[in-house]
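Values in this text are rule-based calculations from the coordinates and carry no lab data. What you see is a predicted model; the values in this text were computed from it and never measured. Virtual Cβ from ideal backbone geometry, glycine too; neighbours counted across all protein chains shown.
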Amino acid sequence: MKKRSRDSLLLSLLAALLVLGALGVVAARTALGKPAPAVPAPEAPTPSPTPHVHVFDADSFRCTLCGESCAHDAGFDEAHRCLACGYLCPHETHDPLTAACPLCGKQFNHHFGMDGVCDVCGSSAVLYTARLPERYYADSAHRGRCLRETLTLPDSLQLDIAVYLPWDYDPEGRYNLLIMMHGDGGSCDDWTDVLERTERGDVCLRTVYDAVVEEHLCDPFLVVGIDNRYMQNSFYGEKLIEETLLPYLASHYATYMADGSIESIRDAREHIAIGGLSRGSIYTYDVAMARCLDVAANFCCFSNGYSVNILRFLRAYAQEGLGFVSYIATVGLQDEPVYVRAHRYDYGVLCSSVDTLRDGDNARLIEIDEGHNFLTWTASMYDALLLMF
Ligand SMILES: [Zn+2]
Ligand SMILES: [Zn+2]
Ligand SMILES: [Zn+2]
Ligand SMILES: [Zn+2]
C-alpha cells in the first residue's frame, strides 16, 4: 500500500511538472508577444554560411553568392548610384521634415505653391500670421551674402540696389528673382541686412532668407532691393525696371532670363516677382502691376494698397493674354484701421475684377497680427517666398 501511494505521488508530481513546463513555454511566447510565424518568409534564399563580401548583380541588385538584396546602405555617389550595387536612386519623393530623399539623402526643396501643399511630398507649408519664431531672426548654419551696387541709368542718374545671394549661390544655376521696394524713409538695404528696430528687438530680412534656404522651404531665389525714389513717376519707373534693372540682373546674376533682351525677360516672367512694403507696396501696384505685367507675373504687396485705378491697365494686359501667376497681399492687423480696410478692399476689387486672379487659389490675403513694422514685413516675406516659389 505504502509503495503504491508513493508511486502515484511521484506520477502526479511528474504530471504537474510537465503541465508547468508547457505553461512556461506558452508564457515565454506570450511575454515576447511573438508567436512563432505560421508560414516561413516566402522563398528567401538561405544565406550562405560562409562570411563573404557580397557581389551584387548589376540588374537584380542581388548578391550573386547568397542572393541577398542590396540594402543600399553603403552610400550613394555624385550621380546618385548606390556605391555597393550601382542602383540608380529614383528620388521618388523627399522627406517632409528634412526635404531630403529618404533613400539616398539627396537634398531637395519643397515646392509648396500658392495652395501651400508641397507638390512632391504632400506636406503643408507652415505659414505665419504673427511674429516669426525666433530662429528666423537668428543666424542659420550658413549665411548668405548681401551686396550693394550702383547702376547708372540712361540719363546718368544713379540707382542703388541691394542684392541677397544665398550661401550656396551657383553662377551657373537658375534663381527666381524678387525685386523689392522699400517704404518711406527706408533704403534698398532694408531688404537685405539693415537691422530694423522693432519692439521685439532688432531684426533683418537676411536671417529670414538664410533660414528659408537652410530649411529648403522653396526653390532657389535672389532678392534685389531697389532705391524707390524714381518710382514716383510711373512711366520712368517702368522704363527703369524693364530697360535698366532687369537687363543688368540678367547679365550679372543667375536668373531664368537667358539674356537681357526684352524677349528673354518676358520668357522668364513666371520666375520674376515684384513687391514692396508700405510706400513700396503702393509702387508695386501703381508702377509694377499696372505697367510691368509683361515682365513679371508674381506680386507681393505688404501693408498698402493702390493709389490710382490700375484696373484699366490690367484689362489691357488681359487682352494681350497676360495674366498673373501669383499675388499676395498682406495687412498688419495692428496698423491704422483705415490702411487695413483699404488694403482688404483693394484686394477684393482686384480678385473680383481680374480673371486671372482667384482668391484662395493664386491670390491670397494674409492678415498678420502685428503693426506697420518689420515684424509684419518679415512674416509677410517668409510667407510670400514659400507660396510664390
Ligand atoms: Zn552575399
Ligand atoms: Zn545598393
Ligand atoms: Zn534619392
Ligand atoms: Zn516637399
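In the chain, which helices (entire DSSP H runs) extend 30 Å or more along their own long axis, judged by Cα positions, while averaging at least 1.0 on the Kyte-Doolittle scale? Could you put the intermediate results ahead of the total?
Numbers: long enough: 2-32 (45 Å, 1.05).
Sorted by number, the helices that extend far enough and score high enough are 2-32.
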Just want to confirm a number: the relative contact order over the chain, from Cα pairs under 8 angstrom separated by 6+ residues, in percent.
14
Just to be sure I understand the model, the point goes 7 Å from the Cα along the line to the Cβ. What's the resulting residue 259 to residue 174 distance in nm?
1.8
How large is the helix-only mean residue ellipticity at 222 nm for the chain, computed as the sum of -39500 (n - 2.57) over DSSP H runs with n ≥ 4, divided by its residue count, in deg cm²/dmol to the nearest 500?
-8500 deg cm²/dmol
Using the number of other C-beta atoms within 10 angstrom as an exposure proxy, rank 231, 114 with the fewest first.
114, 231
Calculate, for residue 119 and residue 243, the FRET efficiency according to 1/(1 + (r/R0)^6) with r their C-beta to C-beta distance and R0 45 Å; round to the nearest 0.05.
0.80
Set Lys and Arg Cβ to +1 and Asp and Glu Cβ to -1, take the dipole of the chain about its Cα centre, and tell me which of 126, 207, 144 lies farthest positive.
126
Enter the Cα centre distance for the pair the range 351-389 and the range 75-149, rounded to the nearest angstrom.
23
Mean-position separation - Cα centroids, the range 178-235 and the range 266-323, in angstrom:
18
Difference of contour (0.36 nm per residue) and Cα-Cα distance, residue 184 to residue 153
9.0 nm
Summing Lys, Arg as +1 and Asp, Glu as -1, what charge do residues with Cβ under 12 Å from the Cβ of residue 212 carry, residue 212 excluded?
-3
What FRET efficiency comes out for the pair residue 235/residue 55, r = Cβ-Cβ distance, R0 = 51 Å, nearest 0.05?
0.10
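Determine the sum of side-chain charges near residue 129: Lys and Arg each +1, Asp and Glu each -1, restricted to other residues whose C-beta is under 12 angstrom from that of residue 129.
Here the charged neighbours net out to -2.
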Cβ-Cβ FRET estimate between residue 339 and residue 80, R0 fixed at 35 Å, reported to 0.05
0.10
Exposure proxy check on 157, 195, 132: fewest-to-most Cβ neighbours within 10 Å is 195, 157, 132
